[in-house]
Amino acid sequence: LCRGGLAERLCRLQNRERSAISFWRHQCLSDDKIPSDKSGVLIVRILEIFEECTIQVAICQQLEQSPATLSPEDAVISAEEPVLKVLFTRETAAHLKSRPQDVIHIYPPWQKLLLQNADVPVIMNTYFSQKVLCSEHSEARERTYGLTKMLIRKNIISLAQTFRLDDVDDKLQQESSTNQVPCAPQTHNNGDSKRHPLALSAVNDSLLEMVESQGAVGWREVQVQVVIQRVYCLPVREGYRSHMQGNKPLLSNGEMFCRLCLLVQDAYGMFSEVQLQSLSSTDGVEQYCRRWEGKSCCLAGMKILQRTTRGRALGLFSLIDSLWPPVVPVKVPGQSQDSEMMTTNLPPPSFCYILTIQSGEMHVEVDEEEQISNLYQPPAVHGLKEILRIGGCNERCSFWAQVLYQRLQTKHSVPIDQREMLLFVTDSTLQNVVHGIPKVVAVSVTASCVLSTEIMEALSAGSQLVFFKDALWGNGRIICVERTVLLLQKPLLCSAAGADLSELTGPVRLDELDSTTQASSICALRGTVVGVNESTAFSWPTCNRCGNGKLEVCPQDSELLYCNQCSEVVTTPVLKMQLEVFLSCPSRSQSTVKVKVRHEIRAALFVLLTMLLFLQTYEVQSVLGKEVGLLNCYVYSITSHPNCVALEEIVLL
């Protein structure tokens, strides 16, 4: 909004108005009584209720005083008392839950509008209204009616009728009397709990229309039909954990609480994110993706959690932009809905409503038997070579790659569950490249990207083919952020766009260390040993079964080692060590190349050094000048002063 403009001033005025109404209602509830100040209070009794243009219209009889002391027999409406037409907004009507014969107190500043050629005055500005229970009979009636659903007449006023056109359909007035919607939530017994309580309600196809007509308090009496474009999990912020756990326990991914979410799109192209809150485990995300994505569903019982914009939610809108423009023409609000009037020449959405369910019950009906919607856009799968050539920033991309190595970023000030993880991946498009493009790419997985237990277990077991759906590409990096999903199986529907997605057939090759190698990457290393850092070298035996590094001398035989965790003698211990070796590499002739070894070593040269070091009998001169073949290494630092490259030997998955 333009600063100081009319729209900004109106927005501030509406915010103050909503705050005043909320504070007044809260004060009435906390005091648990009717405000004592009766000056200017309009007291009415409702005779009839109907809805027109999303406004609830109540035909009321004005009362001189509140009939709190009158019995139902004495509280008979007199024909001499004036009749009023009182207008309630949808939010006020939902708060009052009024019925015929209810007595309402309307507090200032209400306004009376006198219309020409109309005998019944109209009462507006009824935000500060309160329903009054007159007696025990009224309370009993309230308890009885509170468990049932009352139908309210909904008058449909057509534009032809408003402008008195000649082709007015006479049937419209006849249909309006039968077009009724429930004005109170429907209760159902346990036997019907699996059935949607709003299955018989009218279905709309516009999210924006539902939001504008139903308001921020949410909707229960109507449904909106949408298409599920994406299914993913979002982590729950720390402040919401205790609040959400009070209703239904959220699933836990280690220390991370997360929630199942849907990105849906309506027939007009508008998007909304629906945040649900019940899922047995993170492993269910993959099955929900396969069962729900691309299907139509009906939403009911939703409320607006937030209205967000492009500047506030860059991650959400980067995903929305990847789905824009729609693959099929969409409807245009306010225009004819004939097929020739539909168009895709529309600007991308600038705002999005975040919806959530109003209670613990999930109000999402997905027709899994239905065919995939034409509006659905499956992830466009590209080869890594093609992704690295994308010139834009914050672009969503999907790819199928082999994970070669994973590494947790070591930032000691950050908790383990909030640290980033690096996955080094490759595919056939990179392995077949000769020059100019790296053969392995690092994918940064942020803490906000929810990984399923299945993915974590698969990566710890060995190298895996993983499908990265809706990762973020920008500034030369591929990042898995919120709304990125990692799957072990490729989705049933995906657009390859002519990319080479053939699997790797031969051994994986890494780029050799050279002047273009960057820190936090992996490479292959060859060179000549020029030195060993004896001051930092040490080794220790570990159990070959459990990996325990604190072995003890066996009490029965001092020449054997004993593992307390396994409670068994270790006959073939695995020797681990830490050793720094300096190499001379032709590809980095001006740099000092230092390789650190910390784990079990399989390379022949370092096994020799390990044994010599362990026996304390080696001569450093005996290994100087030895040639080292291709070693797989992780580059953890590159400095220019001094000119040094620090690496660590690794074992690929």
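The values are calculated or read from the model by the stated rules, or taken from the named source; none is laboratory data. Treat the numbers as computed from the prediction; the structure is a model and nothing was measured. A quick note on method: Cβ atoms are made from the backbone with ideal geometry, for glycine too, and the neighbour counts reach across all protein chains shown. For the accessible areas, the whole protein counts, side chains as well, though only heavy atoms, and no ligand, DNA or RNA atoms are used. Shrake-Rupley method; radii C 1.70, N 1.55, O 1.52, S 1.80 Å.
Descriptive notes on the structure:
- Filter pass, Glu52 being under 27 Å from Met210 (Cβ atoms), touching a strand residue (DSSP E or B) at 6+ places or on another chain (Cβ under 8 Å), modelled with pLDDT under 90 and surrounded by fewer than 17 Cβ atoms within 10 Å (Cβ to Cβ): yes
- Taking the criterion of being loosely packed, with under 14 Cβ neighbours inside 10 Å and modelled with pLDDT of 85 or more, the only residue of the range 489-508 that qualifies is Pro507.
- Total residues in the range 521-538, condition in contact with a Leu (Cβ under 9 Å, 6 or more places away or on another chain), over 30 Å from Pro507 (Cβ atoms) and of a type outside the set (A, V, I, L, M): 5
- When Leu510, Leu525 are checked against the criterion of being aliphatic (A, V, I, L, M) and outside the structural domain of Cys585 (by the TED database), a single residue qualifies: Leu510.
- If only residues of the range 512-539 that are part of a strand (DSSP E or B) and among the acidic types (Asp, Glu) are counted, the one that is most open to solvent (accessible area, probe 1.4 Å) is Glu534.
- Residue in the range 137-159 that is over 29 Å from Glu17 (Cα atoms), assigned to a loop (DSSP other than H, G, I, E, B) and either at pLDDT 90 or above or over 42 Å from the mean Cα position of the chain (by Cα) (or both) present: no
- Flag for Glu368 being closer than 24 Å to Gly269 by Cα and open to solvent by 40 Å² or more (accessible area, probe 1.4 Å): yes
- Cys563 being in the same structural domain as Gln578 (by the TED database) and without any contact (Cβ under 8 Å) to a residue 24 or more places away in the chain: yes
- Residues of the range 292-306 include at least one that is modelled with pLDDT of 85 or more, open to solvent by 10 Å² or more (accessible area, probe 1.4 Å), among the acidic types (Asp, Glu) and in contact with a strand residue (DSSP E or B) (Cβ under 9 Å, 6 or more places away or on another chain).
- Subset tally (residues that are open to solvent by less than 40 Å² (accessible area, probe 1.4 Å) and in contact (Cβ under 8 Å) with a residue 60 or more places away in the chain) for the range 464-487: 15
- Residue in the range 612-628 that is part of a strand (DSSP E or B) and modelled with pLDDT of 80 or more present: yes
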